[in-house]
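Following: one structure in structure tokens, then a few remarks.
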Amino acid sequence: MGEFQKLVFSGVQPTGNLHLGNYLGAIRKFVALQDGNDCIYCVVDLHSITAQLVHEDLPGQIRSIAAAFIASGIDPVKHIVFNQSAVPQHAELAWIFNCVARIGWMNRMTQFKDKAGKDRENASLGLLAYPSLMAADILVYRGTHVPVGDDQKQHLELARDIAMKFNLDYQAHIRKAGYGTDITVGDEPVHAYFPMVEPLIDGPAPRVMSLRDGTKKMSKSDPSDLSRINLMDDEDAISKKIRKAKTDPDGLPSESEGLKGRPEADNLVGIYAALADKSKVDVLAEFGGQQFSVFKPALIDLAVNVLSPITGEMRRLMDDTSHIDAILRDGGERARARAEKTMKEVRDIIGFLQ
């Protein structure tokens, strides 16, 4: 990474209730990464209007994500928690990156194809340019590492492509202005202003699947509430959903190889492993050979023990939103100061008068 100072950035969209997949796949990683890292965590409200323009309660959704961050253990004093739209430099850098990125790059994005479906001509321009804004979110702070699910790896690769093209196109300007650092990308030396972002993907359950269909990702948009455990669910709801979770007639295998071709069993074992901070191998060593009638109650107890304190704190915070609003205002001010430093230098590199 050359001389770029390590900085962790990530964000969560304010689109409906957060669920277990969001917690295990993202927020729990955010909490762990606080130790020994400079972290910026964002509620990405600009992204939320790319697929759905009008929201009934966007302020409430933004506060809910911030409440989940805080209730899960993110420290908004040592680190930064804010909502994206409070820092206009995100959108400013995104426009510059729109001019750096190529249309062909955007057309190859798998998530755009999935979300736009067959009626691509009717998709918003924002949905197509979504990855460019995501790159700006990270690079406006010159972020170096991003904790993401494996479904976002392609977007991070695009962020690297955008950063690399900017660095190469403006290499002489960057050096002349006295910014940047010498790095090596592959075998190529580059005088770079933006770092090459690295994904942080680890843990036994980087992608949590639906409780009703182990081949589909757990989603806020699934019409069945039984498909997901929401972070605001009480103990009875958690118990009901896990008891009703789809399984197969066989017992749990003793080795992870036995989970192949059994997506629902693999999902539940992965959820248990993630909640318990164990590997799937450890979980199967404990429960291998037993039926789901034994495993599910153990999973219920574990899920309730881990999630109930978070749920209680989220409810407390949402009952009086003044504390959340104060955290977001403070985080927005601190984020703007960092982002504006980057943008002043970017404007100078490009040649904008300021």
Of the residues in segment 58-112 that are assigned to a loop (DSSP other than H, G, I, E, B) and in contact with a Gly (Cβ under 7 Å, 6 or more places away or on another chain), the one that is surrounded by the fewest Cβ atoms within 10 Å (Cβ to Cβ) is Pro76
Looking only at segment 28-49, how many residues end up being in a helix (DSSP H, G or I), surrounded by fewer than 18 Cβ atoms within 10 Å (Cβ to Cβ) and either basic (Lys, Arg) or touching a residue at least 24 places away in the same chain (Cβ under 8 Å) (or both)? 2
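Being within 21 Å of Tyr23 (Cβ to Cβ) and of a type in the set (A, V, I, L, M, F, W, C) is the requirement here; does Ala51 meet it? Outline the logic, then answer.
Working: within 21 Å of Tyr23 (Cβ to Cβ): no; of a type in the set (A, V, I, L, M, F, W, C): yes.
Against the criterion (within 21 Å of Tyr23 (Cβ to Cβ) and of a type in the set (A, V, I, L, M, F, W, C)), Ala51 does not qualify.
Can you tell me which residue is farthest from Met314 (Cα to Cα) among those in segment 219-230 that are small (Gly, Ala, Ser) and open to solvent by 20 Å² or more (accessible area, probe 1.4 Å)? Working first, answer last.
If we filter segment 219-230 for residues that are small (Gly, Ala, Ser), which is where we start, we get 219, 221, 224, 227.
Checking the rest, the ones that are also open to solvent by 20 Å² or more (accessible area, probe 1.4 Å) come to 219, 221, 224.
On the way: Ser219: 20, Ser221: 21, Ser224: 23 Å.
Checked segment 219-230; the qualifying residue farthest from Met314 (Cα to Cα) is Ser224.
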(1) under 24 Å from the mean Cα position of the chain (by Cα); (2) part of a helix (DSSP H, G or I); (3) crowded, with 20+ Cβ neighbours inside 10 Å; (4) not hydroxyl-bearing (Ser, Thr, Tyr) all hold for Asp233 apart from (2)
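Go through Asp248, Asp266 for me and flag whichever is in a loop (DSSP other than H, G, I, E, B) and either at pLDDT 95 or above or under 20 Å from Met218 (Cβ atoms) (or both).
Details: Asp266 fails: in a loop (DSSP other than H, G, I, E, B).
Every option except Asp248 fails the conditions.
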If the requirement is being part of a loop (DSSP other than H, G, I, E, B), crowded, with 17+ Cβ neighbours inside 10 Å and not acidic (Asp, Glu), which of these qualifies: Pro253, Pro199? Pro253
Please determine whether any residue of segment 17-27 is in a loop (DSSP other than H, G, I, E, B) and not acidic (Asp, Glu). yes
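The values are calculated or read from the model by the stated rules, or taken from the named source; none is laboratory data. From a predicted model like this one, the values you see are computed outputs, not experimental measurements. Cβ atoms come from the backbone with ideal geometry, glycine included; neighbour counts cover every protein chain shown. Note: accessible area is taken over every heavy atom of the protein model, side chains too, but ligands, DNA and RNA are not part of it. Shrake-Rupley method; radii C 1.70, N 1.55, O 1.52, S 1.80 Å.
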